[in-house]
1. Rank Q39, N85, F68 by how far each Cα sits towards the positive end of the charge dipole of the chain (+1 on Lys, Arg Cβ; -1 on Asp, Glu Cβ) and give me just the farthest.
2. Could you provide, to the nearest whole Å², the per residue accessible area of the stretch 21-71 with probe 1.4 Å?
3. What spacing in nm lies between the two simple spin-label points modelled at K102 and T58, each 7 Å away from Cα in the Cβ direction?
4. Give me the base-10 log of I(q)/I(0) for the chain at each q in 0.11, 0.12, 0.17 Å⁻¹, Debye formula, one uniform scatterer per Cα, rounded to two decimals.
5. Ignoring ligands, DNA and RNA, what percent of the accessible area of the chain is carbon or sulfur (1.4 Å)?
6. Once R0 is set to 30 Å, what does the formula 1/(1 + (r/R0)^6) return for the Cβ-Cβ distance between N84 and H1, expressed as a FRET efficiency to the nearest 0.05?
7. Can you send over the solvent-accessible area of V5, 1.4 Å probe, protein chains only, in Å² to the nearest 10?
8. List the residues, sorted by chain then number, that are 5 or more residues from T91 or on another chain and whose placed amide H is less than 5 Å from its amide H.
Amino acid sequence: HVQLVESGGGSVQAGGSLRLSCTASGDTDGPYSMAWFRQAPGKEREGVVVIYTGGGTTDYADSVRGRFTASRDNAKNTLYLHMNNLKPEDTAMYYCALRHPKYGGYWPLVEYEYTEWGQGTQVTVS
């Protein structure tokens, strides 16, 4: 199976920036899509962004479009999330996830399709 480790979270002032990283190890040869989800206290987990197999197509949630930029370094098996102009409502635990190759749908993200999850990294915006 694939193991995912997120890093880069922290506390920032509104308007600040952070870069999250997610490194995958294990069996990463399959055509996985990689995504970021987030979950704020009292809220349901929501999809933030997905980069589909090959890294050529990316979908963003409306709430982050124009502020967040995802990138995928397939050689390093790493997914990044560049978070700019952060807002207090971005405060959440951010999770990296991989979608099994057997799923091929597009936005919106379907949580059950993502079968590999990291432990999360906390982002706090004040």
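The values are calculated or read from the model by the stated rules, or taken from the named source; none is laboratory data. Just so it is clear, the structure is predicted and the values come from calculations on it, not from any experiment. Using ideal geometry, Cβ is built from the backbone for each residue, glycine included, and neighbour counts are taken over all protein chains shown. The accessibility values were calculated without ligands, DNA or RNA, using every heavy atom of the protein model including side chains. Shrake-Rupley method; radii C 1.70, N 1.55, O 1.52, S 1.80 Å.
1. Of the listed residues, the answer is N85.
2. 47 Å²
3. Modelled inter-label distance: 3.0 nm.
4. Here log10 of I(q) over I(0) equals -0.32, -0.39, -0.79.
5. About 46 percent, which is the carbon plus sulfur part of the accessible surface.
6. Efficiency, rounded to the nearest 0.05: 0.35.
7. Here the accessible area works out near 100 Å².
8. V125
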